[in-house]
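First up is the structure itself, then whatever we jot down about it.
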């Protein structure tokens, strides 16, 4: 009986320790022969969400029946094994608030953009959803609209290449590196920081929009940001619905 009791206590502490490690993302799958990669994305997002949120209100501007708040967000430091630069991910987050805004729900638009050129930080405007379109959606639907741009950050330079890569090239390169050693590079796919940046923008919105009790989000995005939209539903419990846009490849002959 005493031995059984001792075993139960030991197992309890072991399981608690393992849960804590996983919960805090101290390790993911590194060198584990039985790695379950399905946990990597939500675990990484949860780890980042436990860190202090870094953002700055740049300015507030009135538009026709809409007020837009411009923020700069530092979403995360992402560079698995120091293989990617710049490591600090930056985003413009614009929140469109109509005169009569609905409570509880908001629309998040995952936007594109270029914010690093040859390693130098620059300021660019997203092209997927311009300001006029976002303001119109907000005004016509009485919905708060949140645009988070520069997903992914670009251009990125991978250590082995020494060449700044645009978003499509970065996605491909990150997956190629991941496939070479998935048990050691579980955080390498570019989709992981893309989804996490979106989650950080939602954290910002919840903190800044307490007047409207925003607690759930509808996500939309185009192409790679459509992919990010799909994955956000897996990774973030605050996502209520998704509206991804992508090229129709399902019925194309092989």
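A short reminder: the numbers here are calculations on the coordinates, not readings from a lab. Worth saying up front: this structure is predicted, and the values here are computed from it rather than measured. Positions of Cβ are backbone-derived with ideal geometry, glycine not excepted, and every protein chain shown enters the neighbour counts.
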(request) Being in a loop (DSSP other than H, G, I, E, B) and in contact with a strand residue (DSSP E or B) (Cβ under 7 Å, 6 or more places away or on another chain) is the filter here, so list the residues in the range 143-158 that pass it. (result) 143, 149, 150, 151, 153, 154, 155
(request) Scan the range 48-101 for residues that are without any contact (Cβ under 8 Å) to a residue 40 or more places away in the chain and closer than 30 Å to residue 172 by Cβ and jot them down. (result) 51, 54, 72, 74, 77, 79, 87, 88
(message) Can you tell me which residue is surrounded by the most Cβ atoms within 10 Å (Cβ to Cβ) among those in the range 109-123 that are more than 21 Å from the chain's Cα centre (by Cα) and not in a strand (DSSP E or B)?
(response) 119
(request) Report yes if some residue within the range 124-142 is under 24 Å from residue 187 (Cα atoms), part of a loop (DSSP other than H, G, I, E, B), touching a helix residue (DSSP H, G or I) at 6+ places or on another chain (Cβ under 9 Å) and in contact (Cβ under 8 Å) with a residue 60 or more places away in the chain; otherwise report no. (result) no
(message) Can you report the number of residues in the range 190-235 which are in a loop (DSSP other than H, G, I, E, B) and surrounded by fewer than 22 Cβ atoms within 10 Å (Cβ to Cβ)?
(response) 4
(message) Can you tell me how many residues within the range 85-108 are under 30 Å from residue 185 (Cβ atoms) and under 17 Å from the mean Cα position of the chain (by Cα)?
(response) 9
